[in-house]
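Visitor: Submitted below is the structure of interest, expressed as structure tokens.
Every number here is computed from the coordinates shown, using simple stated rules; none is lab data. Since the model is a prediction, treat every value here as computed from it, not as a measurement. Quick reminder, even Gly has a Cβ in these numbers, built from the backbone with ideal geometry, and neighbours come from all protein chains shown.
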Amino acid sequence: MTPTAAIVERIPIVICEDDEELRRILVVGLRYFGIDACGVGDGVALDTALAADRATVVVLDIGLPGEDGLSIARRLSASSSSLMGIILLTARGSMEDRTQGICSGADAYFVKPVDLRELASAVQNLHRRFQ
């Protein structure tokens with residue numbers, strides 16, 4: 001399925017990215033595809049956002065201040081109360097990094113820069129699985 005701006009269903013996601021400019025680009029770009037994205041800068045803010053609203057997908061950077069994205073992915077995937085898709089979006093692109101990311105509980109792993117169409121498609125697919 002190609003992502004489109006004409007999606008009627010609300011797809012709630014949280015993007016956890018510490019780079020403010022990239023976070024803004026991701027939020028605005030994914031909203032174009034009908035995804036109800038909000039952005040936060042670290043794991044504490046992510047937990048607050050998830051407690052306030054049920055997201056079906058989380059997009060995580062690995063290199064976050066405080067708790068890193070791999071640790072957050074492990075925590076979220078191990079929690080029986082958080083049934084959601086997890087996408088890692090990071091600058092780390094080695095095979096070892098990718099394998100570690102998937103083993104940490106991520107459903108998808110993208111290396112920056114990512115094409116927003118590809119990211120939107122992954123979000124839509126995971127939303128269908130976890131709604």
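Visitor: Taking +1 at the Cβ of each Lys and Arg and -1 at the Cβ of each Asp and Glu, which of 13, 70, 121 sits farthest along the dipole of the chain towards its positive end, judged by Cα position relative to the Cα centre?
Guide: 121
Visitor: Starting from the Cα-Cα distance between residue 25 and residue 44, subtract it from 0.36 nm times their residue separation and give me the gain in nm to one decimal.
Guide: Working it through step by step, the gained length comes to 4.7 nm.
Visitor: To the nearest 20 debye, what is the magnitude of the charge dipole of the chain about its Cα centre, counting +1 on the Cβ of each Lys and Arg and -1 on the Cβ of each Asp and Glu?
Guide: 480 debye
Visitor: Something else: So what J values fall out for segment 109-126 if you push phi through Karplus, 6.51 cos²θ - 1.76 cosθ + 1.60 with θ = phi - 60°, rounded to Hz, Gly and Pro as x?
Guide: Per-residue couplings from phi come out as 9, 10, 9, 6, x, 10, 6, 4, 5, 5, 5, 4, 4, 5, 4, 4, 5, 5 Hz.
Visitor: Amide H of residue 36: which non-local residues (sequence gap of 5 or more, or other chain) have their own amide H closer than 5 Å, using H built in the peptide plane?
Guide: Under 5 Å from the amide H of residue 36: 11, 13.
Visitor: Something else now. Need the full-extension length gain, residue 10 to residue 71, defined as separation in residues times 0.36 nm minus the C-alpha distance. One decimal, nm. Show your work: numbers first, answer last.
Guide: Numbers: separation 61, 0.36 × 61 = 21.96 nm, distance 2.79 nm.
Contour length minus the Cα-Cα distance gives 19.2 nm.
Visitor: Continuing with the same structure: Just to check I understand the Karplus step: with θ = phi - 60° and J = 6.51 cos²θ - 1.76 cosθ + 1.60, what whole-Hz values come out for segment 61-67, glycine and proline as x?
Guide: 7, 7, x, 9, x, x, 6
Visitor: Could you work out the helix-only [θ] at 222 nm for the chain, with each DSSP H run of four or more residues adding -39,500 (n - 2.57) and the total divided by the number of residues, to the nearest 500 deg cm²/dmol?
Guide: Numbers: 5 runs with 57 residues, N = 131.
It lands at -13500 deg cm²/dmol.
Visitor: So I have (1) 14.4; (2) 15.1; (3) 14.8, and one of them is Kirkwood radius over Cα pairs in Å calculated from this model. Which one is it?
Guide: Identified label for the calculated read-out: (1).
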